[in-house]
Amino acid sequence: PVATMKDYFKNDFTIGAAIPVSHVNGADPKADSIVTLHYNSIVAENCMKCEKIHPEENVYFWDDADAFVKYGTDRGMEIIGHTLLWHSQLAPWFAKDSLGNNVSADVLKQRMKDHITTVMTRYKGKIHGWDVVNEAILDDGSYRKSPFYEIIGEEFIPLAFQYAHEADPDAELYLNDFSMSVPGKRDAYVKLIKDLKARGLRIDGIGMQSHIGMDYPNMEDYEKSIVEFANTGVNVMMTELDMSALPTVQMGANISDSVAFNAMRNPYPDGLPAEVSAHWNARMDSVMNLYRKHSDVITRITFWGTQDGMSWKNDFPMHGRTDYPLPFDREYNLKPFMQNMINGE
Ligand code: XIL
């Protein structure tokens with residue numbers, strides 16, 4: 001029998017994949033077969049985000065999310081909801097009145113409550129856990145100046161957790177963010193988790209997105225965050241794991257010389273050099289071993305996609321890249337770091 005990720009890690013954590021709509025509707029049978037074979041947890045890559053599922057006031061679009069939930073239910077998978085409140089991919093109407101001005105705090109609270117209640121109620125009993133609030137804190141530990149924060153203030157987070165728990169008392173509830181190894185951000189999340197718990201609110205887990213690179217984070221900082229989050233009493237999850245194989249490009253980098261720009265966008269036009277690939281696999285092996293070391297507190301590892309060709313990293317932080325961040329290559333072959341691990345080599 002073939003060794004599979006979900007069997008290999010079954011005493012450690014569940015193994016998840018972010019699933020695009022094209023996968024669920026049958027357009028990608030190869031992706032379907034590897035997900036069905038190797039994974040026991042799924043999360044929607046986009047179709048449950050506010051702009052997709054609630055594009056206009058009182059208008060919900062359920063088709064894709066329903067198909068996603070059915071896909072997971074049919075396969076007996078753990079299904080994760082992503083995400084209830086996020087400044088990005090937020091429907092444009094959500095925090096605005098008909099003139100385009102910010103709504104009042106009371107109106108926004110009511111909209112948050114309606115949104116959270118309606119979405120969670122539809123999938124009650126089917127979703128294992130929800131990313132309630134995504135990306136609320138910046139690297140320096142201050143709150144992101146999202147519409148929620150600007151209009152309601154810090155209170156929007158406890159309110160969101162309260163509404164979510166009322167909507168589905170059995171669902172696990174999570175905070176989720178990137179760059180969780182940065183000390184300022186780590187400390188702010190530890191404080192926030194403690195604060196939610198002190199208020200008697202339910203919080204089950206902290207999601208470390210883990211969009212990592214070849215040179216960040218360092219393993220000491222990464223491990224410190226795992227340990228400090230776990231010490232607050234919540235579960236730790238790697239919720240969006242992928243590791244760019246390309247040199248890090250700063251967000252917003254803008255190079256006027258098009259030759260230099262193309263070199264930066266696609267540094268390996270002839271494919272990934274063998275030594276870079278070897279380095280990538282070695283680093284992923286260390287990352288997986290770090291997770292295994294902490295499998296008493298880490299409950300889920302979700303990769304943000306399955307094979308390299310469908311990764312969002314091909315378009316981030318700039319369009320038209322060819323990146324190699326996922327456990328399967330473009331031919332749907334499992335890469336060496338994982339192949340060796342699950343075959344005990
Ligand atoms: C990304 C998706 O993968 C893309 O398809 C979409 O265009 C933008 O969002 N943090 C998150 C995810 O929480 O929802 C993001 O997903 C990646 C960063």
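The values are calculated or read from the model by the stated rules, or taken from the named source; none is laboratory data. Keep in mind that what you see is a predicted model, and the values were worked out from it rather than measured. So basically every Cβ, Gly included, is an ideal-geometry build from the backbone, and we count neighbours across all protein chains shown.
Things worth noting here:
- Taking the stretch 20-75 as the range and being more than 27 Å from R330 (Cβ to Cβ), within 16 Å of the ligand (Cβ to nearest atom), crowded, with 21+ Cβ neighbours inside 10 Å and free of Cβ contacts under 8 Å to residues at least 60 places away in the same chain as the test, only A65 passes.
- Here the helices (runs of 4 or more DSSP H) wholly within the stretch 239-345 that include at least 3 residues being closer than 19 Å to N40 by Cβ and either modelled with pLDDT of 95 or more or more than 16 Å from the ligand (Cβ to nearest atom) (or both) are 274-293, 336-342.
- Total residues in the stretch 174-223, condition under 20 Å from A17 (Cα atoms), of a type in the set (F, W, Y) and part of a loop (DSSP other than H, G, I, E, B): 1
- Residue in the stretch 150-159 that is in contact (Cβ under 8 Å) with a residue 60 or more places away in the chain, within 16 Å of the ligand (Cβ to nearest atom) and of a type in the set (F, W, Y) present: no
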